[in-house]
Amino acid sequence: MSSLIAYTRSLLAFAPRQAMFVLALLALAAAVEAFAFLSLVPLIELSSGSNFKALTSAVDAAFNQMGLNTRTERLIGALAFYLIVLVIHGIIVWQRDISLARLSIEFVDEWRNRVFSALAHAPWHHTSRMPRAKMEHALTSDVNRLEQGTEAVFQSLVGLAILIVQCAVALYLAPGLTGALIVAGALAALILLPSVLKARRTGEKLTEIGQGMFSLIERLFSGLKLAKIHNAEHDFTSMFDNQLSAYRAQSLRFQNVRARSRFLFKLIMGLAACGSIVIGVMVFETPITNLLVVLVIMVRLNGPIWSVLNGLQTAAHMLPAFQSVSQLEKTFRESRTPAGPQQAAVLANATEPASVNIKGLTFRYSGTNEPVIADVSAEIPAGDITIVTGPSGSGKTTLVDLLAGLQQPKSGTILIDGAELSDEQSAHWRDQIAYIPQDPYLFAGTIRQNLSWSNSAHNDREIWAALRNAQAAGFVERFPEGLDTMVGDRGQLVSGGERQRLCLARALLRKPRLLILDEATNALDPATEHALMTTIAGLRGSLTILMISHHPMDLEVPVHTLELPLRGASAT
């Protein structure tokens with residue numbers, strides 16, 4: 001129930017004016033349709049030759065006022081009036097359906113954007129602990145189910161409006177008969193209520209199994225090469241087949257619930273139609289004209305009633321997905337820390353190479369007792385080159401995460417130009433750094449697009465200058481398409497060394513105050529590495545450079561060295 005209330009509040013709060021307009025169209029369309037059904041009564045009476053028992057004196061007077069005195073004239077007039085009402089109803093329904101579709105699409109898109117934005121802006125130390133499969137499943141499968149469920153909810157609202165108004169018409173024409181049918185309908189709803197609860201349970205299972213499938217797909221992409229080398233593809237396919245079978249079973253269970261409900265619904269409505277004829281004629285002595293209109297309404301009510309029932313089932317099936325999406329968005333949103341304005345202004349105005357001082361820095365990951373970095377103090381001078389060395393597991397990557405503000409120390413401080421780097425100021429600080437990871441990242445696009453990513457717009461002159469500084473201009477010039485050359489998914493159409501040099505060019509385009517290179521030369525041949533090191537050495541003085549390496553490096557210029565692990569030590 002709590003997820004249903006949260007979903008309803010979210011829907012109403014999304015676009016209250018648009019929602020009220022849609023509700024008004026729902027009511028208007030239902031009212032006009034009811035008016036159309038009432039106008040069937042004189043048509044039936046005129047066609048059958050009976051008297052105008054069901055017509056009010058106002059309608060009879062209207063015919064007289066228009067000079068429609070004969071049966072034929074009144075029949076044509078009633079038919080013309082009915083057709084006009086149908087046209088008006090069709091226009092209203094047209095606008096209603098367009099407004100419903102727009103509201104549904106925009107509502108779901110809003111949730112897509114909210115979750116994606118919350119994920120993108122959440123602190124790294126928070127998202128890095130979240131299972132990737134859960135996030136991907138929420139952004140795809142769960143949101144898709146939210147879309148389907150929202151459409152079903154709107155269709156059920158349409159059906160409910162039609163149901164209420166047409167029942168009111170039926171009550172006006174045959175109150176006793178319609179009252180009995182409403183009681184029968186309420187009993188039928190109680191019979192079909194368990195199907196809604198079953199739909200909710202299958203929805204919960206689908207969310208759980210779907211996250212497992214996404215986790216397995218992620219493992220496949222990460223380990224496919226290794227699996228092929230070991231001829232272990234069958235392990236992946238076997239696990240995926242088991243997950244798929246479980247997912248298929250839950251999907252079929254939900255479809256079975258819907259099919260069984262539809263069968264019971266049609267059976268109940270058929271019995272109600274047959275019973276209404278007997279009860280209407282033998283018990284309530286309903287006039288045949290009114291009885292015919294009520295029967296027409298009952299036939300037309302099949303669709304609205306099923307829309308309401310199907311909407312309830314689909315909404316119940318969707319609510320676990322909405323709960324997963326909304327909880328994920330809330331978790332990410334609440335993890336964000338607003339930036340502080342005072343130090344942000346200082347950082348924003350700074351353009352000179354950054355000086356970094358580390359004092360008593362200690363960090364341990366959640367769930368562990370042993371610190372990765374313990375009571376470390378060090379200085380990274382402004383405009384100089386500092387090389388951080390140490391074996392695997394010594395804390396080099398963790399130190400980079402701390403300096404970039406992705407992680408927060410358990411104790412100690414990091415000073416940027418003498419000002420403490422707090423969690424609130426991390427985003428502003430990251431605007432002034434550039435980072436080249438050990439595994440260089442390029443997305444599927446052109447070289448120009450990749451170099452412009454994360455940077456403000458640059459002209460070709462600046463781009464080529466950055467490429468030359470990164471020792472990348474030569475191979476880019478050899479490509480027939482130049483800067484418009486496609487690099488493929490994750491840069492697979494260029495070599496590892498070319499990817500790293502393109503990433504260095506992108507980093508230089510940011511004009512950073514601090515450049516961090518994490519094993520950024522490990523895929524280069526000796527000649528290219530030497531040329532790149534010469535380029536990096538030439539950058540000394542224009543920005544602060546921090547290089548991560550497993551071993552000492554000779555840059556032929558003065559450098560500072562920080563060797564990890566350091567525990568309770570100080571280095572400059």
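Listing for the model above:
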read-out: Count - residues of the range 464-474 that are open to solvent by 10 Å² or more (accessible area, probe 1.4 Å) and in contact (Cβ under 8 Å) with a residue 24 or more places away in the chain; value: 2
read-out: Selection status of residue 449, open to solvent by 60 Å² or more (accessible area, probe 1.4 Å) and either modelled with pLDDT of 85 or more or not in a helix (DSSP H, G or I) (or both); value: yes
read-out: The one condition in (1) of a type in the set (Ser, Thr, Tyr); (2) over 30 Å from residue 366 (Cα atoms); (3) modelled with pLDDT of 75 or more that residue 70 fails to fulfil; value: (3)
read-out: Any hit, the range 43-55, residues being modelled with pLDDT of 70 or more and farther than 20 Å from residue 156 by Cβ; value: no
read-out: Residues being part of a helix (DSSP H, G or I) and in contact with a Ser or Thr (Cβ under 7 Å, 6 or more places away or on another chain) - total across the range 86-129; value: 5
read-out: Cβ-Cβ under 6 Å pairs, at least 6 apart or on other chains, the range 107-134 side under 21 Å from residue 214 (Cα atoms) and open to solvent by less than 80 Å² (accessible area, probe 1.4 Å), far side part of a loop (DSSP other than H, G, I, E, B) and not hydrophobic (A, V, I, L, M, F, W, C); value: none
read-out: Test set (1) modelled with pLDDT under 75; (2) buried (at least 21 other Cβ atoms within 10 Å of the Cβ) - residue 156 fails condition number; value: (1)
read-out: Boolean, residue 442 is assigned to a helix (DSSP H, G or I) and at pLDDT 85 or above; value: no
read-out: Residue match in the range 358-367 (condition: open to solvent by less than 30 Å² (accessible area, probe 1.4 Å), touching a residue at least 24 places away in the same chain (Cβ under 8 Å) and within 30 Å of residue 556 (Cβ to Cβ)); value: yes
read-out: Filtered residue count, the range 402-416, keeping only those that are surrounded by 16 or more Cβ atoms within 10 Å (Cβ to Cβ) and either free of Cβ contacts under 8 Å to residues at least 60 places away in the same chain or more than 30 Å from residue 501 (Cβ to Cβ) (or both); value: 6
read-out: Residue in the range 205-223 that is open to solvent by 60 Å² or more (accessible area, probe 1.4 Å), modelled with pLDDT of 80 or more and more than 18 Å from the chain's Cα centre (by Cα) present; value: yes
read-out: Test: residue in the range 237-259 that is at pLDDT below 75 and either basic (Lys, Arg) or within 19 Å of residue 140 (Cβ to Cβ) (or both); value: yes
read-out: Residue list for the range 373-406, restricted to those being among the hydroxyl-bearing types (Ser, Thr, Tyr), outside any strand (DSSP E or B) and in contact with an Asp or Glu (Cβ under 8 Å, 6 or more places away or on another chain); value: 397
read-out: Matching residues, the range 353-365, being out of contact with any Pro (no Cβ under 7 Å at 6 or more places or on another chain) and modelled with pLDDT of 85 or more; value: 353, 354, 356, 357, 358, 359, 360
read-out: Whichever residue in the range 86-131 is of a type in the set (Ser, Thr, Tyr) and under 30 Å from residue 335 (Cα atoms) and, among such residues, is farthest from the chain's Cα centre (by Cα); value: 128
read-out: Residue 72 vs. criteria hydroxyl-bearing (Ser, Thr, Tyr) and either in contact with a Cys (Cβ under 9 Å, 6 or more places away or on another chain) or crowded, with 16+ Cβ neighbours inside 10 Å (or both); value: no
read-out: Qualifying positions in the range 282-337 - touching an Asp or Glu at 6+ places or on another chain (Cβ under 7 Å), open to solvent by less than 20 Å² (accessible area, probe 1.4 Å) and modelled with pLDDT under 65; value: 289
read-out: Single match in 480, 512 (criterion: at pLDDT 85 or above, more than 38 Å from the chain's Cα centre (by Cα) and closer than 24 Å to residue 443 by Cβ); value: 480
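Matching residues to (1) in a loop (DSSP other than H, G, I, E, B); (2) of a type in the set (D, E, K, R); (3) modelled with pLDDT under 85:
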position	(1), (2), (3)
367	yes, no, yes
408	yes, no, yes
428	no, no, yes
466	no, no, no
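The values are calculated or read from the model by the stated rules, or taken from the named source; none is laboratory data. The structure presented is a predicted model; accordingly, all values stated were derived computationally and were not measured. Positions of Cβ are backbone-derived with ideal geometry, glycine not excepted, and every protein chain shown enters the neighbour counts. The protein model used for the area step is the full one, side chains on, heavy atoms only, and it has no ligands, DNA or RNA in it. Shrake-Rupley method; radii C 1.70, N 1.55, O 1.52, S 1.80 Å.
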